[in-house]
Each structure stands twice: as C-alpha cells, then as structure tokens.
Amino acid sequence: MNAILVKLIKIPKKEVLLKRVSSLFIENKSFDKTRWISYRKYATCNMEAIRDPYRRHLFDDDTLYNVYKNESVNLSVGAPGPDLLQNCVELMRKATDHRLKAEKDEGKYYLFQYGITAGLWECREELSKFLSRRYGDPVKRENLILTCGASHGLTLLLNTVLSPNGVIFVEEVTYMIALDSFKQFPLMKIVIVPMKDDVVDLDAFEKIVAEEKCNLNGNFLTNEQKLFWAMFYTIPTFHNPTGTTLPPESCKRLVEIARINSLLVVCDDVYNLLHYGDGLPPRRLFFYDQPTDSEYKGGNIVSNGTFSKILSPALRFGWIECSPQLASIFRRNFMQWWCS
Ligand SMILES: Cc1ncc(COP(=O)(O)O)c(C=O)c1O
C-alpha cells in the first residue's frame, strides 16, 4: 500500500493529502475511518488519472484543459497539439547534437557554466534576428533578456522594477494565471480597469490612474532599481480571452498615458506571432515607444514574449524586450541569473 501511495504522491494536486495518508502509515499513527474514506476517494480519482495517458500528462489532471480530444477543438487553453509538437523531436535532436558538438570542439563547456545574467549572447543575437524578421521591425539584442517563459518574465518584472507597495492595473477580463502571479505580491494594490468594445477603455484608465496616484500621495517605495510606482498588465495583441487587438491610435495614446504618469506597461505578447493571413502581425505596443520620440521617458513599455505558443511550452523559454535602462537593471539583478 505504501508503495502505491508513494507513487501517487508524485502525481500533482491532492498530493498534500496523500502525503498525509502515507505519513500516517509510516509513523503508524491511528486515524479514523471516515477520514480514510475521503482520502481513498482522492486516491481513486488519481488512479483514474494514472490510467488515462492524457490526464496523466496535462495541467495537473484538469480535464477542462484536455487538448487531446479529437472530437472537439479546446479553446480554453493556448497549447499546441501533437501535430505541431511532433516537429520538436527532430528539431531538438538536431539542435542538441549541433550545440554539444560545438562544446566538445571548443573544449570550454561554457554551456554548462553559470552564464551571463541577460542570457547567452549568441542566443539573444539569433533571437533578435528571428523577431526582427517576424515582427518586420528591428529588435535589438541588447534590449533582450532571456526568461523561462512569459510567466517567469512577469514575475521577474514584478520582483525587480515595480515598487513593492505599488499598484497593478489590470483589465477587467484577463489571463487567469497572471492574477495568480499578482497574488504573490500582497502589498501591491490590484486595480481593475474597465474595457470598451473588448479593449481597455483608455478614458476610464486615465481617470483611474490619476485617482490612484492621488490616493497614494507619494506613499510608495521607488529607487534606482524599482523605477515604477505602478504597472499596467495588458495583452494588447490577440487578447486572452477576448481575442481583440488594440488599434494603432489607442496604442499611441496608451504610450502617452504611460509616459505622463510614469507607468510601466507590461505587454503579455505571447500570441503576436500566431496571426492568420499573409503579411506581418499587428505592431506590438513596444514599437510605439521609440527612443527617438521627443516625449520618450527612458522606456515605459515592455514586451514579454515566449516560445510556448510557437514552439513548445515545455521548453520554458521566453524573453523580455525592454529599454536599455531596464535591460541594465536586469543585468545587474542576479535573480535572473539562475534561469538564463
Ligand atoms: C496571455 C498568456 N500569457 C502567458 C501565458 C503563458 O506563457 P508561458 O508558457 O510562456 O509562461 C499564456 C498561456 O496560456 C497566456 O495565454
């Protein structure tokens, strides 16, 4: 029985309960029968998950997110199907062989060493070429910081450049896991921004920002690293869940509002390259914050990107595209080191 339970413990979710059951056995403590019955219910439920090969591998056994049902297209999660993921096999094999051969030939094995905080130079160089081509707009290597995906990028931004007692503005409907990230920062105030025609209502946003700034009355901590008193988390291109894209005129206005109010706008740019039709995708909001603008304030927009939607979520590989000022803060931040 213990052996089964130990196996079950490895299955995510309800694992705490199961751990408790196993510790009751290990420590030979007594437990009452009703509690055991409810534990068994969980154990049985996980046994089913073990037998079902899809549930065993997907999203902590949440059937809602099963993207492997042939009879339906699951729109509740942005995850690639096996028809796309199959390409990763050959791609990863070739890339690994190529890279490991280079390591051996060179004899320094830098790949296995602590890297540089912004991420491998060559990787950022290739990424900048790839993004420049796909966006149709130059992306500079020195503006890129490698991350373990957009979720990590968001946490990094919250941890690094936002005031610990600042404000997070967020659209009234948004990506649910971003909200989970915000919950990890209980001293930050979360303020909901209304939407109009499925995009952020900028008139309302402007008013709310002014109100919050006035309420705080300078009572927030900012310093040479934590530059921003507030952040606006948004998905301006192919919004999740509405699917809408912020029109160019609104993009310009949002940049203006951010500059005037010293806000950081964090764009969850995870779907930008998944556009249908010919030509280039809509311009990312970052494009509208040009250093050559007379109103430029050192960079108020960040583009938080990922390979999860265009290659594989399991690789946990993404990037932050930001101003040189923010990039230099990240380079000095050793927290970033462990995943570059
Ligand atoms: C809007 C949005 N942001 C971020 C993510 C997750 O990205 P990553 O896998 O790079 O953490 C998703 C995935 O569904 C998403 O829809």
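Worth a mention:
- Amide hydrogen proximity for residue 265: with H placed 1.01 Å from N in the peptide plane, the residues at 5 or more positions away or on another chain lying under 5 Å are 232, 301, 302.
- Neighbour cut-off at most 12 other Cβ (10 Å), DSSP loop, chymotrypsin sites (Phe, Trp or Tyr not before Pro), the stretch 248-328: 276
- Taken along the Cα-to-beta-carbon direction at a fixed 7 Å, the label points for residue 314 and residue 206 span 4.9 nm.
- Shown is the FRET efficiency for residue 198 and residue 176, computed with R0 = 22 Å from the Cβ-Cβ distance and rounded to the nearest 0.05: 0.80.
- Phi to ³J(HN,Hα) by Karplus 6.51 cos²θ - 1.76 cosθ + 1.60 over the stretch 249-259, Hz, x for Gly, Pro: 4, 5, 4, 4, 5, 4, 4, 4, 4, 5, 5
- For the stretch 74-108 versus the stretch 233-273, the gap between their alpha-carbon centres in whole angstrom: 31
- DSSP-loop chymotrypsin sites (Phe, Trp or Tyr not before Pro) across the stretch 77-128, with at most 15 other Cβ within 10 angstrom: 109, 114
- In terms of other Cβ atoms within 10 Å, 88, 322 run from fewest to most in the order 88, 322.
- Ranked by how many other beta carbons lie within 10 Å on average, peptides 129-136, 217-224 from highest: 129-136, 217-224
- Low-density loop positions, GluC sites (Glu not before Pro), the stretch 69-162 - DSSP coil, at most 10 other Cβ in 10 Å: 71
- Simple rule: put +1 on each Lys or Arg Cβ and -1 on each Asp or Glu Cβ in the stretch 214-318, find the dipole, and look at 280, 234, 318; the Cα lying farthest toward the positive end is 318.
- Near residue 191, the amide H atoms lying under 5 Å from its own belong to 168, 169, 170; only residues 5 or more places off or on other chains count, and H is placed 1.01 Å from N.
- Distance between the modelled labels on residue 224 and residue 70, one decimal in nanometres: 6.3 nm (7 Å Cα→Cβ projection).
FYI, it's all coordinate maths here, none of it is from the lab. Just so we're clear, the structure is a prediction, and the values are computed from it rather than from any experiment. Please note: Cβ atoms are built from the backbone with ideal geometry, for glycine as well, and neighbour counts cover all protein chains shown.
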